[in-house]
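The values are calculated or read from the model by the stated rules, or taken from the named source; none is laboratory data. No experiment lies behind these values; they were computed from the predicted model shown. Cβ: placed from backbone, ideal geometry, glycine included. Neighbour counts: every protein chain shown. What goes into the accessible areas is simple: the full protein's heavy atoms, side chains included, and nothing from ligands, DNA or RNA. Shrake-Rupley method; radii C 1.70, N 1.55, O 1.52, S 1.80 Å.
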Amino acid sequence: MKKTPVFLESLVTNMLRLRAICPFSWRVFQFRPISCEPLIIQMNKCTDEEQMFGFIERNKAILSEKQVGCAFDMLWKLQKQKTSLLKNAEYVRDHPQFLTLHNLATNKFKLMNDDTLVNVLYVTQQFAGEAHDPLVEALVTEAWRRLERFDIKLLSEFSSCLADQHLYFSPLMGKIADIVHRNLETTQDLRLKSTMLLMSEDLTGEQALAVLGAMGDMESRNSCLIKRVTSVLHKHLDGYKPLELLKITQELTFLHFQRKEFFAKLRELLLSYLKNSFIPTEVSVLVRAISLLPSPHLDEVGISRIEAVLPQCDLNNLSSFATSVLRWIQHDHMYLDNMTAKQLKLLQKLDHYGRQRLQHSNSLDLLRKELKSLKGNTFPESLLEEMIATLQHFMDDINYINVGEIASFISSTDYLSTLLLDRIASVAVQQIEKIHPFTIPAIIRPFSVLNYDPPQRDEFLGTCVQHLNSYLGILDPFILVFLGFSLATLEYFPEDLLKAIFNIKFLARLDSQLEILSPSRSARVQFHLMELNRSVCLECPEFQIPWFHDRFCQQYNKGIGGMDGTQQQIFKMLAEVLGGINCVKASVLTPYYHKVDFECILDKRKKPLPYGSHNIALGQLPEMPWESNIEIVGSRLPPGAERIALEFLDSKALCRNIPHMKGKSAMKKRHLEILGYRVIQISQFEWNSMALSTKDARMDYLRECIFGEVKSCL
């Protein structure tokens, strides 16, 4: 691999610390019509969305930033006249000319005046379908830069937009609070004051619930604030509805809150609601909340209430019930054998009604509405196969409208259905012009997760990436990183995409936006960026993209502990097979920081070579990489010797239905082989099988893997 110049590596190492320090942007002079009035008058005469979209299509080349803002305003005025706001919002959001207007705003938002900027932010949020709309994030960032010059009215509107995004405790909301505090005597806007009350000492029941949700979003475990908020919640507990009680239970469980008196009252209230509820969705909400409590046991009355609503339940309710019952079984089996038997019978009934509902499905459109809020990895194992069979039955109905939703669901199941994936690839290739560009990452993801290449792989991936190329500059940076990683697992490295990610401007933008994410989500984005960086360095050295994640990896790997009981058992067996504990290493970090479960070296006669004093003892942290992170291994081994990596694959590394390696495990194997390893991968299903139920059988198995010709023991 070619070495990167020192100055360039130093530059890239600091990319993620860059911040925008200039309060103003250079403006590009543009020729505009002498008067904006005629076009705005035309917009004001539009009586429905189709007329507005026709106007945008005709005038998109000449619209100024003021006219773009007026177009957003008109669409929102028309939207508010509709009786079905949600349905009409989807129609507007999915219209091609709304995407045109979206792109115009992305290109012109820095030229907008403050009022137009905040108004476009508000309207865009109302129509936003993506969890993280890139235009919303760009507008928030620009508004942040202008914050000090906003008047109180604009601060009020902007803080409401942030509240809609649950950013109550973001640094930005704190900045607004500081400005308000400095101008408190002149602040008359009640809406702004009510938003700021979320940070005050006196909270209403509704405000306490909002603050609790914000704390959960930001993973804030401030004990003083939790104590104050829960004190308010306890006071108002009788007034909350079932869905609000579920939210309280979820957030307090996540925040590790432990107060017996509070949970006792909460349990009593939930059971009281449950005994008088006959609505399936409400019953499932209450049962789910009870299952999250420290003592999740449900009595016979509760079980009877579940059984009574089963015939009316949809797949969401049935899945929620199944998850709750499994929690009870895990908790109760040590105490109440008789009750556990009843819970197992309840699981059988849930399975029966789930299968019945799937078998009676007669429309993919109706089925996908139930799939929207379902996660495949929480779907009961017994029903997953039936669900996949039902989707295969409706396979011909998959089209450009629903392909993204179907792909997202399959990604979450870990179930490899080549028929469904081939259909998704075919729809993407044939109907690409009708597919919304921002749906592309969701379409690619199941192929990455499940490590599957459709027959027309290159055409499929090429078509998808080409369709997205024009939008790389405005796509949510987090999504762009995830997309790059998904393609890397498939050994697909489009140069335009990599150039869009690995440049100072993009990484600075990513770095600034990581600040408003929760710690766990921020860490997940950073980890995927590291994995993409590693993959490009190892698999595409010709791009000369430097490795700049040493410090991140060193911090990340500080949390790696010693070996557990099973690993110590395997370590001892390997030591016996190889001739001593000095012939095997455990938890080894390679160059580029892949963690290898066990490593050994054989000479050219296939005899183990000892590591001498460099070996680690049981229970200690792994060593740091054994040579420079930008060098490929091999030169330090004796002639003819080979370095072996033994990887034990748990259930998460394999598909749920067949012993097929998922994308991340396959990519790691490629990387280890590039680094000079012979890789032996052993699945836990094989290791724990009846054939390997004795120590002697396992020892023979390891000998065959290491000294024989077997390179993968899957």
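What percentage of the solvent-accessible surface of the range 50-118, computed with a 1.4 Å probe over protein heavy atoms, is contributed by carbon and sulfur atoms? Answer for the range 50-118: carbon and sulfur cover 51 percent of the accessible area.
Where does the charge balance sit around C553 when Lys and Arg score +1, Asp and Glu -1, over other residues with C-beta under 13 Å from its C-beta?
On the way: positive: R534, R551, K558, K595; negative: E531, D550.
It works out to a net charge of +2.
Quickly rank 663-674, 685-696, 463-474 as a protection proxy: mean count of other C-beta atoms within 10 Å, highest first.
On the way: 663-674: 19.3, 685-696: 11.8, 463-474: 17.1.
Going by the mean number of other Cβ atoms within 10 Å, highest first, we get 663-674, 463-474, 685-696.
Stretched out straight at 0.36 nm per residue, the stretch from K260 to Q126 would grow longer than its current Cα-Cα span by 44.2 nm.
For the pair the range 470-517 / the range 374-424, the C-alpha centres are spaced 27 Å from each other.
Going through the cross-link list K369/K652; K558/K668; K175/K260; K668/K695; K80/K247, which pairs have a Cα-Cα distance over 25 Å in this structure? Working shown, then result.
Values: K369/K652 28 Å; K558/K668 20 Å; K175/K260 37 Å; K668/K695 29 Å; K80/K247 29 Å.
Where the Cα-Cα span goes over 25 Å, the pairs concerned are K369/K652; K175/K260; K668/K695; K80/K247.
Counting every C-alpha pair in the range 447-491, the share spaced more than 17 angstrom apart comes to 34%.
Report, to one decimal in Å, the Kirkwood hydrodynamic radius for the range 662-710 based on all distinct Cα pairs. After inverting the pairwise mean of 1/r, the radius is 12.2 Å. Cα centroids of the range 446-461 and the range 93-147: how far apart, whole angstrom? One Cα centre to the other: 33 Å. Scalar couplings 3J(HN,Hα) for the range 232-249, obtained by applying the Karplus form with A = 6.51, B = -1.76, C = 1.60 to θ = phi - 60°, are 5, 4, 4, 5, 9, 4, 5, x, 7, 7, x, 5, 5, 5, 5, 4, 4, 4 Hz; x denotes Gly and Pro.
The range 277-311 and the range 648-704 have Cα centres separated by 41 Å. Between N107 and K275, the distance separating the two model label sites (each 7 Å from Cα on the Cα→Cβ line) works out to 6.6 nm. Subtracting the Cα-Cα distance of I329 and D397 from their residue separation scaled by 0.36 nm leaves 20.6 nm.
A simple spin-label model places the labels of A389 and V301 4.0 nm from each other, with each point 7 Å out along Cα-to-Cβ.
Wrap a convex hull around the Cα atoms of the range 400-543, take a quarter of its surface area, and give that in square nanometres.
Numbers: hull surface 34.2 nm².
That works out to 8.6 nm².
Apply 1/(1 + (r/R0)^6) to the Cβ-Cβ distance of E90 and R145, taking R0 = 30 Å, and write down the FRET efficiency to the nearest 0.05. List each step's numbers first, then the result.
Working: r = 32 Å, r/R0 = 1.07.
Using R0 = 30 Å, I get an efficiency of 0.40.
Here's the list of aspartates and glutamates a cross-link from K345 could span, going by alpha-carbon distance under 17 Å and ignoring same-chain residues fewer than 8 apart: D299, E300, E307, D332, D337, E381. Taking 21 Å as the limit for the C-alpha separation, the pairs K585/K669; K60/K108; K45/K77; K434/K499; K110/K505; K241/K275 exceed it in the case of K434/K499.
Summarising the label geometry, the points placed 7 Å from Cα in the beta-carbon direction at K45 and S689 lie 7.7 nm from one another.
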